[in-house]
Amino acid sequence: MLTFENVTKIYSGNKKAVNNLNLEIEKGEFICFIGPSGCGKTTSMKMVNRLIEPTEGRILIDGKDIMKQNRVQMRREIGYVIQQIGLFPHMTISENITLVPKLLQWSKDNRRERAKELIKLVNLPEEYLDRYPQELSGGQQQRIGVLRALASNPPLILMDEPFGALDPITRDGLQEEFKNLQRKLGKTIVFVTHDMDEAIKLADRIVIMRDGEIVQVDTPDEILRNPANEFVESFIGKERLIQTRPDVKTVGQIMNKIPATVHKEETLSTAIQRMKEKRVDSLLVIGEDQTLEGYIDVEDIEENRKKSTLVGEIVETELYRVKEDSLIRDTIQKMLRRHTKYVPVVDDDNRLKGIVTRATLADLVYESIWGDEDDN
Amino acid sequence: MDLLKELVTYYNDNGAYVWTEFYRHFLMSAYGVLFAAIVGIPIGILIARYSKLSPWVISFVNVIQTIPALALLAVLMLVMGLGTNTVILALFLYSLLPIVKNTYTGILGVDKTLKEAGNAMGMTRFQILRMVELPLSLSVIMAGLRTALVIAIGIATIGTFIGAGGLGSIIVRGTNAAEGGAIILAGAIPTALMAVLADFVMGWFERLLSPANSRKLS
Ligand SMILES: Nc1ncnc2c1ncn2[C@@H]1O[C@H](COP(=O)(O)OP(=O)(O)O)[C@@H](O)[C@H]1O
Ligand SMILES: [Mg+2]
């Protein structure tokens, strides 16, 4: 849906910021541009919505040359998210989110509806719609920044290091959330970053650039397995190359498929009973159809034993979860970073599929060590 | 003590007169600033956009500012004759500098990221001006109006020399009278009061309009 044809950009002073770029991006694809600072990532991205105009070559969206379209009209159909976030401080969150719909002259009611719909996507309360950006944390602001780009439902979204200024934990959460959102909405995304972990985690294909030229375009796995040259190799880093070796790769392959659970309609005594049986201090709480509702632990039960009787009444819903196809290395990183003892694994409809515990991971490590010795 | 007593007597006897001049004084100043705003704000916006013009325009309004008030008034009088309009024109010219300059710096001072965001979202130039640049520089522009008004109130005092009236007339009367100290004060005090009050009210507006306070407006 997005095509770069021999695109070159020369800034005044004869410096070729982008040199003869050729790239075909499919609909629904998540593309990450990555490379050292100054290699022309931002320039490439900004040429798509004509914030910067190419010196030579053509850029086509759905087969149509962007230079032949109305610039203002075209930009309203392309989402745009930047590292500095750039929310307007004098507008409420609601007004910020629905700015493009306003430019497109949607009615006030429709805009408000849309704002409510959108804010649900990122799990922020509706009350936030009437606040001002400066009242929100950085992570919350960038969630709003993303929503603003989604407001008029554009098929294509451009993002320039959108999570670059956030602290690691917030960034982590937002990446995850955003990847899920993208899967759900099927947007085509051009995402600029200089963080290889981020690119590996998010991208369907990674475009590695250097000095205004493309060095390699491929899926994250393929790039990790077969780096095109030394530059790519050094850019990826030795650690990651080793990490990709083990044949086991996704969480689904190593998870424990029978986690200790309790149904939300069951009583607290049942829960205690089950904890004793399974020798655990915490249970995953499920609802209809195996959907994951949250968890309860021993202390919660002790504290609430007098007041409540059913598990559903005291379930903790704040719970970090991963998908079956999440990569093991990401999951490990996250468990360590968040100091959690386990993560539940769910499918796209939030149905519980299994659990990864620290014990699971330890098993994995031992296995790989024993495995190595067998080989020798 | 005597002075104070005389002052009170003067106000008692001439209350209506003082009030008329006060009002007249204020109107002259306000009109001068108002016209300067109508002309100066667009000029400020224009030179913020076409930055090649800015050094020329700013120097020009700067030069006006450096002409002594009496001299400017005298020259204008030669062209326009005596009367209120001449004073208002002088005040207009003096008000241009703070208004043009503040509009210019205000608009240039709006975060570039925000302008780019607006641009990237498909705002037209005019929409960026109306929905982003102006609201975000309003408090700076307001500060320019505030300075202009305070200066204008001061300068309007000499309007009396070309027959425009205002609180200056009371002061001049005092200087002509034998024991005119109280009369001078009778004119000077309201002038000072007006300037302080204008400064205060405009300052309040300025704070109200600053982007950080936008929630109070809505
Ligand atoms: N407006 C500009 N004028 C001149 N040179 C520029 C401009 N913007 C970027 N460049 C140069 O073009 C090159 C690529 O910049 P950029 O696309 O911003 O790189 P990246 O986003 O990969 O860090 C750099 O060498 C940069 O200095
Ligand atoms: Mg960049």
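The values are calculated or read from the model by the stated rules, or taken from the named source; none is laboratory data. Note that this is a predicted model, so its numbers are computed, not measured. So basically every Cβ, Gly included, is an ideal-geometry build from the backbone, and we count neighbours across all protein chains shown. Areas reflect the complete protein model, heavy atoms only, side chains present, ligands, DNA and RNA absent. Shrake-Rupley method; radii C 1.70, N 1.55, O 1.52, S 1.80 Å.
Go through (1) free of Cβ contacts under 8 Å to residues at least 40 places away in the same chain; (2) surrounded by fewer than 19 Cβ atoms within 10 Å (Cβ to Cβ); (3) out of contact with any Phe, Trp or Tyr (no Cβ under 8 Å at 6 or more places or on another chain) for residue A:77 and report which single condition fails.
(1)
Based on what the data block shows, is residue A:212 assigned by TED's automatic domain parsing to the domain that holds residue A:96 and open to solvent by 10 Å² or more (accessible area, probe 1.4 Å)?
Criteria not met by residue A:212.
Sort out which residues of segment B:49-64 are in a helix (DSSP H, G or I) and aliphatic (A, V, I, L, M), and write them in order of number.
B:57, B:58, B:61, B:63, B:64
Please go through segment A:269-316 and pick out each residue that is touching a residue at least 60 places away in the same chain (Cβ under 8 Å) and among the hydrophobic types (A, V, I, L, M, F, W, C).
Within segment A:269-316, A:284, A:286, A:292 qualify.
So, in segment A:197-226, exactly how many residues are touching a Phe, Trp or Tyr at 6+ places or on another chain (Cβ under 7 Å), farther than 25 Å from residue A:173 by Cβ and away from ligand 2 (no atom under 16 Å from the Cβ)?
Total meeting the criteria: 1.
Do you know which of the residues in segment A:20-72 that are more than 16 Å from ligand 2 (Cβ to nearest atom), within 14 Å of another protein chain (Cβ to nearest Cβ) and part of a loop (DSSP other than H, G, I, E, B) is least open to solvent (accessible area, probe 1.4 Å)?
Per the criteria, the residue is A:50.
Do we have residue A:7 as away from ligand 2 (no atom under 16 Å from the Cβ) and not polar (S, T, N, Q) here?
yes
Are any residues in segment A:103-130 within 12 Å of chain B (Cβ to nearest Cβ) and crowded, with 17+ Cβ neighbours inside 10 Å, and if so, which ones?
A:103
Are there any pairs, at least 6 apart or on different chains, whose C-beta atoms fall under 6 Å, with the first in segment B:98-114 and within 13 Å of chain A (Cβ to nearest Cβ) and the second not acidic (Asp, Glu), and if so, which?
Going by the 6 Å Cβ cut-off, the qualifying pairs are B:110/B:136; B:110/B:137; B:113/A:84; B:113/A:86; B:114/A:86; B:114/B:132.
Return the residues of segment A:131-148 that are within 14 Å of chain B (Cβ to nearest Cβ) and under 15 Å from the mean Cα position of the chain (by Cα); say none if nothing qualifies.
Matches in segment A:131-148: A:142, A:144, A:145, A:146, A:147.
Which one is nearest to residue A:104 (Cα to Cα), of the residues in segment A:142-167 that are within 16 Å of ligand 1 (Cβ to nearest atom) and either part of a helix (DSSP H, G or I) or open to solvent by less than 10 Å² (accessible area, probe 1.4 Å) (or both)?
A:158
Here is a list of conditions, (1) within 14 Å of another protein chain (Cβ to nearest Cβ); (2) surrounded by 19 or more Cβ atoms within 10 Å (Cβ to Cβ); (3) under 22 Å from the mean Cα position of the chain (by Cα), and residue B:119 meets all of them except one; can you say which number that is?
(3)
Residue B:45: touching a helix residue (DSSP H, G or I) at 6+ places or on another chain (Cβ under 8 Å), farther than 18 Å from residue B:152 by Cβ and at pLDDT 90 or above, yes or no?
yes
Out of all the residues in segment A:284-340, which are open to solvent by 30 Å² or more (accessible area, probe 1.4 Å) and of a type in the set (Ser, Thr, Tyr)?
A:291, A:295, A:309, A:317, A:320, A:340
So if I check each of B:71, B:16, B:36, which one is in contact with a Phe, Trp or Tyr (Cβ under 8 Å, 6 or more places away or on another chain) and either within 16 Å of residue B:145 (Cβ to Cβ) or not β-branched (Val, Ile, Thr) (or both)?
B:36
Can you name every one of the strands (runs of 3 or more DSSP E) wholly within segment A:260-307 that holds 1 or more residues which are more than 22 Å from residue A:340 (Cβ to Cβ) and within 33 Å of the chain's Cα centre (by Cα)?
Where strands (runs of 3 or more DSSP E) fall fully within segment A:260-307 and carry at least 1 residues being more than 22 Å from residue A:340 (Cβ to Cβ) and within 33 Å of the chain's Cα centre (by Cα), they are A:261-263.
Considering every residue within segment B:144-153, establish whether at least one is of a type in the set (A, V, I, L, M), open to solvent by less than 60 Å² (accessible area, probe 1.4 Å) and within 10 Å of chain A (Cβ to nearest Cβ).
No, segment B:144-153 has no match at all.
Assuming residue B:140 fulfils every condition listed in (1) open to solvent by 50 Å² or more (accessible area, probe 1.4 Å); (2) free of Cβ contacts under 8 Å to residues at least 12 places away in the same chain; (3) within 14 Å of chain A (Cβ to nearest Cβ) apart from one, which condition is it?
Of everything listed in (1) open to solvent by 50 Å² or more (accessible area, probe 1.4 Å); (2) free of Cβ contacts under 8 Å to residues at least 12 places away in the same chain; (3) within 14 Å of chain A (Cβ to nearest Cβ), residue B:140 misses just condition (2).
If a residue has to be closer than 22 Å to residue B:136 by Cα and facing chain B (nearest Cβ under 10 Å) to count, how many in segment A:73-95 make the cut?
14
Hey, among the residues in segment B:178-202 that are of a type outside the set (Asp, Glu) and outside any helix (DSSP H, G or I), which one's least open to solvent (accessible area, probe 1.4 Å)?
My answer is B:180.
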